[in-house]
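J.: This is the structure I want to talk about, given as structure tokens.
Laboratory data are not the source of any read-out in this text; all were calculated from the coordinates shown. As the structure is a prediction and not an experimental result, all values here were calculated from the model. Heads up, the Cβs are rebuilt from the backbone with ideal geometry, glycines too, and the neighbour counts pull from every protein chain shown.
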Amino acid sequence: MIPPPVGGPIKCVARGPSWVVVDKPAGLLSVPGRGPGKADCAVARVAALIHEADGPMVVHRLDMDTSGLLLVALSAGAQRALSRQFRDRMVLKRYVGVVEGAPGARAGVVRLRQRLNVDRRPVQIVDETFGKLAVTRWRRIDPHPRDAAHERTRIEFGPVTGRSHQIRLAASSPAPAGLGCPIVGDDLYGSGRTPGERLMLAAVALTFDDPDTGRRVRVRIAPPF
């Protein structure tokens with residue numbers, strides 16, 4: 001049986017003989033966490049759904065509060081091949097987020113050196129001396145419907161690197177280094193969230209090479225907000 005859904009059920013979006021792309025709901029871990037009560041995750045649900053899945057399955061991760069497309073390997077050989085594609089930056093990723101306010105430009109590239117804040121795990125901070133380079137392309141799509149108190153803008157993000165919380169840090173970091181516009185609902189880098197509100201960031205597109213056939217695979221979903 002699949003564990004009781006956290007944030008909604010997991011959905012299969014595309015599948016090949018040795019891989020599957022699922023739509024991970026916000027609030028669900030990508031991989032098991034530490035401690036009791038954190039075994040429920042996207043990879044465990046895939047294993048429960050696809051019984052022939054074997055070997056290491058993880059090739060990349062999404063933040064728990066980020067929803068969207070997650071690629072999972074179903075064999076050890078596929079896991080090695082797909083992990084190599086992520087390592088070599090052959091995989092194209094696109095996210096859509098809604099930010100607080102509006103960036104001053106229409107598009108740009110954020111380059112930050114970031115590292116873990118060891119006193120506030122899992123928060124990342126900018127550190128020009130010891131940080132690792134994180135590169136994120138972005139462009140404004142359109143204004144997001146406003147409520148009475150806030151101006152919000154829909155942004156497409158294209159991370160070139162794959163650092164933890166990279167997009168969230170790029171959005172919240174002050175301009176001109178970052179956008180100066182935190183993701184709506186970000187309780188680590190923004191103004192937090194109201195009851196029932198989610199982090200408004202979703203992985204909506206993945207492009208990679210099928211490890212079995214070598215053909216280019218493109219998977220896309222509509223943003224959930």
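J.: Note the angle between two axes, namely the Cα long axis of helix 76-87 and the longest principal axis of the Cα atoms of the chain, as a number of degrees from 0 to 90, rounded to the nearest 10.
T.: 20 degrees
J.: While we're here: Grab the Cα-Cα distance for PHE86 and ARG216, subtract it from 0.36 nm times how many residues apart they are, and report the gain in nm with one decimal.
T.: 45.4 nm
J.: So how far apart, in nm, are the two label points at ASP119 and ARG193 if each is 7 Å from Cα heading toward Cβ?
T.: My value for the distance between the label points is 2.7 nm.
J.: For ALA76 and HIS150, FRET efficiency with R0 = 30 Å and r from the beta-carbon atoms, rounded to 0.05?
T.: 0.05
J.: What net charge is computed for the residues neighbouring LEU74, neighbours being all others with C-beta under 10 Å from the C-beta of LEU74, Lys and Arg scored +1, Asp and Glu -1?
T.: With Lys, Arg at +1 and Asp, Glu at -1, the neighbours total -1.
J.: Just one of (i) 19.0; (ii) 17.5; (iii) 18.2 is Kirkwood radius over Cα pairs in Å as worked out from the coordinates here. Which one is it?
T.: After the calculation, the listed value that fits is (iii).
J.: Right, here's the next one. Hey, rough spin-label estimate for LYS11 and ALA47, points 7 angstrom out along Cα→Cβ, what's it come to in nanometres?
T.: 2.6 nm
J.: To continue, here is another question. Once you place label points 7 Å from the Cα toward the Cβ at VAL31 and THR129, how far apart are they in nm?
T.: Each label point lies 7 Å from its Cα, and together they span 3.0 nm.
J.: Ok, one more. Expressed as a rounded percentage, what relative contact order does the range 11-91 have, with Cα pairs under 8 Å and six or more residues apart?
T.: Value for the range 11-91: 32 percent.
J.: Hey, another quick one. Which of the lysines could a cross-linker span from LYS38 if the Cα-Cα distance has to be under 26 Å and same-chain partners fewer than 8 positions apart are dropped?
T.: Once the sequence-local lysines are set aside, what remains near LYS38 is LYS11, LYS24.
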